[in-house]
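Encoded as C-alpha cells, the structure appears first; notes follow it.
Readers should treat all values here as calculations from the given coordinates under stated rules, not as data from a laboratory. Everything quoted here is computed from the prediction, not taken from an experiment. Because the Cβ atoms are built from the backbone with ideal geometry, glycine has one as well, and the counts that use them run over all protein chains shown.
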Amino acid sequence: MISDIEQDASARMTKSVEAVKQAFLKIRTGRAHPSLLNQIQVSYYGTGTPLTQVANVAVEDSRTLTVTPWEQGMVQAIEKAILASDMGLNPATTGTVIRIPLPPLTEERRRDLVKLVKHEVENGRISIRSIRRDANSEIKEALKEKMISEDESHKGEEKIQKLTDSYVKAVEKLLEEKEADLMSF
C-alpha cells in the first residue's frame, strides 16, 4: 500500500523535474541552440504547428540559428511566428533560409533571466510539495480506513519526505547549473 503511494509520488515528482527542465529550454543563454525555437507555433494551413515540424532548425555558429522551411511558401509564416514569439529575435531572410542572429545578453538581461529561472524552480518546488501533500493525505486516509497501522503511516510519511527532499535537491541542482550558464560570458 505505502510502496504504491511512494511509487506514484516518485513518478509525479519526476514529471515535475522534467517540467522544470522543459521550462529552462525556453530561457536562452548566450549560445545558439535549436531548442530555443521549440515552443514557436507556425500557422500551417490555418493550424498552429510546432516550428520543428515545418522546418529544419540548425546552428550556423555560436550566435546564429538557421531555419530552412520544408516548403518555400512557409518562409513568411515562419518569419512572422518568430517575430510574434516575444523572444526578442529578429530573423533575416535570404531566399529560403531564415537566419536568426542572437544578440549578446547584457548584464541586466542576464539578471532578469536568472529571476525567471528562479521563478520556474519555485514552481517546481511548489509542484513537488503538492505531490507530497497528496501522498501524505493518501497515507492518512489509509490509516483512517484501518488499511495500515500507525507505525506504517509514520514510516510512509518519512519515506515521502525523503523522496520530496531528494527531488527538491534535484531542482536546486538544475537551478545552480542554469544560473552558472546564464551568468558566464
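Miscellaneous remarks
- Shown in residue order for the range 98-106 are the 3J(HN,Hα) couplings computed by the Karplus curve 6.51 cos²θ - 1.76 cosθ + 1.60 at θ = phi - 60°: 9, 9, 10, x, 9, x, x, 7, 7 Hz (x for Gly and Pro).
- Flagged links, alpha-carbon separation over 18 Å, of 21/118; 118/169; 115/178; 15/155; 115/162; 21/178: 15/155; 115/162
- Kirkwood Rh and Cα Rg combined as Rg/Rh, the range 11-81: 1.05
- Helix-only mean residue ellipticity at 222 nm for the chain, each DSSP H run of n ≥ 4 adding -39500 (n - 2.57), per residue, nearest 500: -20500 deg cm²/dmol
- For the Cα trace of the range 79-125, dividing Rg by the Kirkwood Rh returns an Rg/Rh value of 1.14.
- Check: the chain dipole with +1 on Lys, Arg Cβ and -1 on Asp, Glu Cβ, in debye: 460 debye
- For the range 1-126, fraction of C-alpha pairs farther apart than 27 Å, in %: 33 percent
- For the chain, averaging the sequence separation of C-alpha pairs within contact (under 8 Å, six or more residues apart) and dividing by the residue count gives a relative contact order of 26 percent.
- Dipole moment magnitude, nearest 20 debye, the range 34-101 about Cα centre, only Lys, Arg, Asp, Glu C-beta charged: 40 debye
- The range 7-46 and the range 137-151 have their alpha-carbon centroids 37 Å apart.
- Taking 7 Å steps out from each Cα toward its Cβ at residue 87 and residue 146 produces label points 6.0 nm apart.
- Inter-site label distance for residue 35 and residue 172 at 7 Å from Cα along Cβ, in nm: 2.3 nm
- Residue list for the range 128-164, given a label point 7 angstrom along the Cα-to-Cβ vector of residue 1 and an amide N cut-off under 13 Å: 138-157
- Extension gain for the segment residue 116 to residue 183, taken as residue separation times 0.36 nm less the Cα-Cα distance, is 22.8 nm to one decimal.
- Of the trypsin sites (Lys or Arg not before Pro) found in the range 1-59, the ones in coil according to DSSP and having at most 15 other Cβ atoms within 10 Å of their Cβ are 31.
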